Amino acid sequence: MAYAESHEWVRAEGGVAVVGITDYAQDSLTDVVFVELPSVGDVLEAGDVFGAVESVKSVSELYAPVSGKVVEVNTVLEDEPERINDDPYGEGWMIKVEMADASEVDALLDAAAYVKQTQGDDE
Amino acid sequence: MRVPLHDVHEAAGARFTEFAGFEMPLQYDSILAEHEAVRTAAGLFDVSHMSNLWLEGDGAEALLSRTVASDPAKVKVGRAQYTVACREDGTIIDDLIFWRLADGRFHVVPNAGMNETFVDWFGRHAEGDVRVLDMSRELCILALQGPKARKILAGAHPEVADVKKFGLKEMEFDAGHGFVSGTGYTGEDGVEFVVPNAAAASCWRQLESVGAGEGLVRCGLGARDTLRLEKGFCLAPHEFKGGRSPLEAGLGWVVHWDHEFVGKEALEAQRESGDHDRLVGLKATGRGIPREGCGVTVDGSEVGVVTSGTMSPTLRTGIALAYVRPEAAEPGSEVVVDVRGRSVAAEVVKPPFV
């Protein structure tokens, strides 16, 4: 698993990247009440805003950790956005992207580096 | 600034937010859970950031009468009234609740951070025998709200359990005088305690203790906002921002036209013409949450702006308050809200939403 500084995670399954937000992110947001996600077929560049996640009080944009075409969207989140809080790495997955360049994952943070960064954020 | 019970909230795991210069609990656990508790059981809020002023003397009633849009002469001893203070041009300075504790003694609660404004406002209009005292930092306000609130009140303070809605009963604490009032900001039955600072911790703890058996949950400003918004209540920094009159804000009902008050002439003219924005409720019919500042359009023409918006925890749909032109204000009208570049369909509704 790999992580972006902007708190998205990526799990590569062959050439497809599954993307969601981290436990740290969902804990900071607390109750997620709304998610705005792209459509299947949308093409993303790494770093693009691909959607937004909203808590009661705030709106946070979501940034594509890798480039590619969106091949699947977790539409269950439309009615059950709380899955992002309950299971951020499992049922809270957001989109699947057919990667244009799988090596982009190498540019992301590993678990240790991500945790270290969040500790820096907390200070 | 911190409220006297800050450490109690911190120990209870509160996350804090800044409001009107105060560090206040935003939530203790989950805003949605806290909101649901108030609607189904009971919630306990510390709103000690609010302002508290005492008006005392033979000239107190006349001063209040001159400076607010409602007529305090209509308010008996032991009763509360919600009203607004207006500028000469009819725009709202703040909304507030006042109580008549006795003839010549009023307790006034404007919003947090407004105490100095009101000391000045009252001072400027005072005539004859009247004293204006800023008690804001001497007193705490604790709100107990929800269907179980009365039962918890009866368990914790049986001697004042029969306080009526919009009534008050005085209370004696070791630390001094206070009162309990049949008021609140959630739309549920409930009461608010005004207590001297030194009595606040034990008052809070006792309510927690008695409330534990009734599902009482500590609640922060996050839930306070979703609760008030579901009922269509105004929150001053949102609904009165930029200068709004009570007629625009849907508060014409607080105005008593048969007494003299600052702003009356301007409001009479506005009432005559009827040509002013209206604060309406919007309920999203499409997916999306209208937020403060979002533009409201009808057939592509701008008709207004959102002042408050959230996901209604009870309805599970976006709700908002917005000022719109009178022609777009009819309940049932369809509008479009521009939410960060995305068009969200919404319907005008007359609050409460819930």
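The values are calculated or read from the model by the stated rules, or taken from the named source; none is laboratory data. Note that the structure is a prediction, hence the values are computed from the model and not measured. Neighbour counts run over all protein chains shown; Cβ positions are idealised from the backbone, glycine included.
Descriptive notes on the structure:
- Qualifying residues in the stretch A:25-40 (those that are in a loop (DSSP other than H, G, I, E, B) and of a type outside the set (D, E, K, R)) - the one farthest from B:GLN27 (Cα to Cα): A:VAL40
- Looking across the stretch A:25-54 at every residue that is more than 11 Å from chain B (Cβ to nearest Cβ) and among the charged types (D, E, K, R), the one that is nearest to B:THR226 (Cα to Cα) is identified as A:ASP48.
- The set of residues in the stretch A:55-91 that are within 13 Å of another protein chain (Cβ to nearest Cβ), crowded, with 19+ Cβ neighbours inside 10 Å and either without any contact (Cβ under 8 Å) to a residue 24 or more places away in the chain or assigned to a loop (DSSP other than H, G, I, E, B) (or both) comprises A:VAL56, A:PRO81.
- Any hit, the stretch B:101-124, residues being out of contact with any helix residue (DSSP H, G or I) (no Cβ under 7 Å at 6 or more places or on another chain) and among the polar types (S, T, N, Q): yes
- Looking across the stretch B:251-278, the residues that are in contact with a Leu (Cβ under 8 Å, 6 or more places away or on another chain) and either over 30 Å from B:ASP46 (Cα atoms) or without any contact (Cβ under 8 Å) to a residue 60 or more places away in the chain (or both) come down to B:LEU267, B:GLN270, B:ARG271, B:HIS276.
- Selection within the stretch B:274-311 - of a type in the set (Gly, Ala, Ser) and part of a strand (DSSP E or B): B:GLY281, B:ALA284, B:GLY295, B:SER301, B:GLY304, B:SER308, B:GLY309
- The selection criterion, being more than 14 Å from chain A (Cβ to nearest Cβ), surrounded by fewer than 20 Cβ atoms within 10 Å (Cβ to Cβ) and touching a residue at least 24 places away in the same chain (Cβ under 8 Å), holds for B:GLY243.
- Residues being within 30 Å of B:ILE31 (Cα to Cα) and either out of contact with any Asp or Glu (no Cβ under 8 Å at 6 or more places or on another chain) or among the polar types (S, T, N, Q) (or both) - total across the stretch B:295-327: 11
- Total residues in the stretch B:15-39, condition more than 12 Å from every other protein chain (Cβ to nearest Cβ) and surrounded by fewer than 23 Cβ atoms within 10 Å (Cβ to Cβ): 7
- Of all positions in the stretch B:345-352, none carries a residue that is in contact (Cβ under 8 Å) with a residue 40 or more places away in the chain, within 12 Å of another protein chain (Cβ to nearest Cβ) and under 23 Å from B:ARG39 (Cβ atoms).
- Among the residues making up the stretch B:249-286, those that are closer than 30 Å to A:VAL59 by Cα and either within 14 Å of chain A (Cβ to nearest Cβ) or touching a Ser or Thr at 6+ places or on another chain (Cβ under 6 Å) (or both) are B:ALA284, B:GLY286.
- Flag for B:GLU302 being modelled with pLDDT of 95 or more, buried (at least 17 other Cβ atoms within 10 Å of the Cβ) and among the acidic types (Asp, Glu): no
- Selection from the stretch A:6-47 of residues that are under 30 Å from B:ALA33 (Cα atoms) and of a type in the set (S, T, N, Q): A:SER6, A:THR22, A:GLN26, A:SER28, A:THR30
- Leading residue by the ranking (farthest from the chain's Cα centre (by Cα)) among those in the stretch B:227-273 that are aliphatic (A, V, I, L, M) and in a helix (DSSP H, G or I): B:ALA269
- Count of the stretch A:16-45 residues which are at pLDDT 95 or above, surrounded by fewer than 19 Cβ atoms within 10 Å (Cβ to Cβ) and among the small types (Gly, Ala, Ser): 2
- All conditions in (1) among the hydrophobic types (A, V, I, L, M, F, W, C); (2) over 20 Å from the mean Cα position of the chain (by Cα); (3) farther than 13 Å from B:ASN52 by Cα hold for B:LEU133, with the sole exception of (3).
- Within the stretch B:287-315, the set of residues being in contact (Cβ under 8 Å) with a residue 12 or more places away in the chain, more than 21 Å from B:THR186 (Cβ to Cβ) and either within 12 Å of another protein chain (Cβ to nearest Cβ) or polar (S, T, N, Q) (or both) comprises B:ARG287, B:GLY288, B:PRO290, B:ARG291, B:GLY293, B:CYS294, B:THR297.
- In the stretch B:183-200, the residues that are under 23 Å from the mean Cα position of the chain (by Cα) and either outside any strand (DSSP E or B) or basic (Lys, Arg) (or both): B:THR183, B:GLY184, B:TYR185, B:THR186, B:GLY187, B:GLU188, B:ASP189, B:ASN197, B:ALA200
- All told, B:GLY222 meets the bar of being crowded, with 23+ Cβ neighbours inside 10 Å, within 14 Å of chain A (Cβ to nearest Cβ), in contact with a helix residue (DSSP H, G or I) (Cβ under 9 Å, 6 or more places away or on another chain) and part of a helix (DSSP H, G or I).
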